[in-house]
Amino acid sequence: MCPVLKNDYPVELSPPDISPYRRGNTGIDYVTTFDSGVAGPHVMITALVHGNEICGAMTLDYLFREGVRPTRGKLTLAFVNVDAFSRFDPNNPIASRLVDEDFNRLWSKDVLDSSRDSVELRRARTLRPIVNQVDLLLDIHSMQHATAPLAMCGPLSKGRALARGVGIPEIGVVDSGHAAGKRMRDYAGFGDERSPKNALLVECGQHWEKSSADVAREAAIRFLLHAKVVDPRWGKARMSTGPLPKQRFIEVTGPVTIETDDFRFAADYRGLEIIPKAGTVIGHDGAKPVATPYDDCVLVMPSRRLLKGQSAVRFGRYA
């Protein structure tokens, strides 16, 4: 279950009513596939991997209402952790991140094929057959703190290429994930450099700030245009037309995985702080100081869920 946390941010977004999409057309609740009947890739956009990250749900709702259809290949739109989302309360928005465990730490064969059970694992196993069919995945997320949006493109060169193809956000993060478990973005062929399959996870901004919904919608449209699965006129009529900033990439050298039940940061880090000197203590894990490993170290997504076995923060540097 989620720990009780203080919410420092106002809820500027209203969660959409996703009940019209429950039946879908795939036999899986809240999953809809549109088939163009023309050869092409199977492209998927997912939202609500975490139940309190509502910008993705707003984006899928927008795409449905705008009548998105592929001109080649298939397009699947999936609302993921709907059980957690059903508990969303704007007066306690942090509490609906998950029901039993983090959906985005389950995507390895060993876990999916194990005897473990949870609400999230049952949903992952239900979704697995359709995820297995997907060639290109965009997984829409948001963050705890109000920092710049991030393209979490993974450790592989093909992930960086996909981030560049989409063009936003400006900052990409080259990372290998979490010790606590594998993300959907890294599942099977997505995480294999030899496979043509590819995936991108976009952190669109703080969970409930209005701009996160704008970033999510823009990223989804640009992703569909990059995949060449929608009519360019449909996409370009719905995306912003301003010039894009040149992308920059942070290479993550590793996460700080919490070892005790008493992790605390030395300051109120919110993310993307650059710590000039190696050896600067940024927190303590029990009695053990946690220090930056090199000069100009970037703190990537410091967490407020400081639980043993989870990532407290990731260390990186601009490439």
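The conditions are (1) part of a strand (DSSP E or B); (2) surrounded by 15 or more Cβ atoms within 10 Å (Cβ to Cβ), and residue 147 fails exactly one of them. Which is it?
Exception for residue 147: condition (1).
Name the residues in segment 241-272 that are surrounded by 14 or more Cβ atoms within 10 Å (Cβ to Cβ), part of a loop (DSSP other than H, G, I, E, B) and not acidic (Asp, Glu), would you?
247, 258, 269, 270, 271, 272
Quick check, is residue 45 within 20 Å of residue 234 (Cβ to Cβ) and either among the β-branched types (Val, Ile, Thr) or surrounded by fewer than 16 Cβ atoms within 10 Å (Cβ to Cβ) (or both)?
Details: within 20 Å of residue 234 (Cβ to Cβ): yes; either among the β-branched types (Val, Ile, Thr) or surrounded by fewer than 16 Cβ atoms within 10 Å (Cβ to Cβ) (or both): yes.
Yes, satisfied.
Among the residues of segment 145-195 satisfying the criterion of being more than 20 Å from residue 47 (Cβ to Cβ) and among the charged types (D, E, K, R), which is modelled with the lowest pLDDT?
Here the answer is 175.
Looking at (1) under 16 Å from the mean Cα position of the chain (by Cα); (2) crowded, with 22+ Cβ neighbours inside 10 Å; (3) outside any helix (DSSP H, G or I); (4) among the aliphatic types (A, V, I, L, M), can you tell me which one residue 134 breaks?
(1)
Does residue 201 count as hydrophobic (A, V, I, L, M, F, W, C), outside the structural domain of residue 170 (by TED's automatic domain parsing) and not in a helix (DSSP H, G or I)? Spell out how you get there, then give the answer.
Details: hydrophobic (A, V, I, L, M, F, W, C): yes; outside the structural domain of residue 170 (by TED's automatic domain parsing): no; not in a helix (DSSP H, G or I): yes.
So residue 201 does not fit the description; no.
Could you grab me the full set of residues in segment 216-240 that are in contact (Cβ under 8 Å) with a residue 60 or more places away in the chain and part of a helix (DSSP H, G or I)? Give the steps one after another, and end with the answer.
Within segment 216-240, the first condition is being in contact (Cβ under 8 Å) with a residue 60 or more places away in the chain, and the residues that meet it are 216-217, 219-220, 223-224, 226-231, 234, 238.
Once the filter is applied, which keeps residues that are in contact (Cβ under 8 Å) with a residue 60 or more places away in the chain and part of a helix (DSSP H, G or I), segment 216-240 yields 216, 217, 219, 220, 223, 224, 226, 227, 234.
Any idea which residue in segment 1-18 is nearest to residue 209 (Cα to Cα), counting only those that are among the β-branched types (Val, Ile, Thr) and modelled with pLDDT of 55 or more?
Pass one, segment 1-18, residues among the β-branched types (Val, Ile, Thr): 4, 11, 18.
This time we only want the ones that are modelled with pLDDT of 55 or more, so: 11, 18.
Values: 11: 7, 18: 20 Å.
For segment 1-18, the residue satisfying everything is 11.
Restricting to segment 8-31, count the residues that are β-branched (Val, Ile, Thr) and buried (at least 19 other Cβ atoms within 10 Å of the Cβ). Spell out how you get there, then give the answer.
Going through segment 8-31, the residues β-branched (Val, Ile, Thr) turn out to be 11, 18, 26, 28, 31.
Of the ones still in play, those that are also buried (at least 19 other Cβ atoms within 10 Å of the Cβ) are 18, 31.
Result for segment 8-31: 2.
Among all residue pairs at least 6 apart or on different chains, which show Cβ distances below 9 Å where the first residue, located in segment 278-295, is assigned by TED's automatic domain parsing to the domain that holds residue 264 and the second is basic (Lys, Arg)?
As it stands, the answer is 283/264; 284/264; 285/264; 292/277; 294/317; 295/277; 295/317, since those pairs meet every condition given.
What number goes with the only condition from (1) over 16 Å from the mean Cα position of the chain (by Cα); (2) in the same structural domain as residue 184 (by TED's automatic domain parsing) that residue 219 does not pass?
(1)
What is the number of the single condition among (1) over 18 Å from the mean Cα position of the chain (by Cα); (2) surrounded by 14 or more Cβ atoms within 10 Å (Cβ to Cβ) that residue 106 does not meet?
Among (1) over 18 Å from the mean Cα position of the chain (by Cα); (2) surrounded by 14 or more Cβ atoms within 10 Å (Cβ to Cβ), residue 106 violates only (1).
Any idea how many residues of segment 48-86 are farther than 17 Å from residue 17 by Cβ, more than 15 Å from the chain's Cα centre (by Cα) and touching a residue at least 24 places away in the same chain (Cβ under 8 Å)?
Counting residues in segment 48-86 that are farther than 17 Å from residue 17 by Cβ, more than 15 Å from the chain's Cα centre (by Cα) and touching a residue at least 24 places away in the same chain (Cβ under 8 Å) gives 9.
May I ask you to say which residue of 59, 126, 76 is farther than 17 Å from residue 208 by Cβ, in the same structural domain as residue 44 (by TED's automatic domain parsing), at pLDDT 95 or above and not in a strand (DSSP E or B)? Explain how you work it out, then say what you get.
Values: 59 fails: farther than 17 Å from residue 208 by Cβ; 76 fails: not in a strand (DSSP E or B).
Result: 126 is the single residue among 59, 126, 76 that is farther than 17 Å from residue 208 by Cβ, in the same structural domain as residue 44 (by TED's automatic domain parsing), at pLDDT 95 or above and not in a strand (DSSP E or B).
Any residue that is over 22 Å from residue 313 (Cα atoms) and either touching a Cys at 6+ places or on another chain (Cβ under 9 Å) or not in a loop (DSSP other than H, G, I, E, B) (or both) - is there at least one of those in segment 166-180? Give the derivation first.
Start the filter on segment 166-180 by keeping residues that are over 22 Å from residue 313 (Cα atoms), which leaves 166-168.
Those still in the list that are either touching a Cys at 6+ places or on another chain (Cβ under 9 Å) or not in a loop (DSSP other than H, G, I, E, B) (or both) too: 166.
Checking segment 166-180: at least one residue is over 22 Å from residue 313 (Cα atoms) and either touching a Cys at 6+ places or on another chain (Cβ under 9 Å) or not in a loop (DSSP other than H, G, I, E, B) (or both).
Against the conditions (1) among the small types (Gly, Ala, Ser); (2) buried (at least 23 other Cβ atoms within 10 Å of the Cβ); (3) in a loop (DSSP other than H, G, I, E, B), where does residue 40 fall short? Just the number, please.
(2)
The values are calculated or read from the model by the stated rules, or taken from the named source; none is laboratory data. Note that the coordinates shown come from a computational prediction; the quantities given were computed from them, not determined experimentally. Every residue, glycine among them, receives a Cβ derived from its backbone with ideal geometry; neighbour counts consider all protein chains shown.
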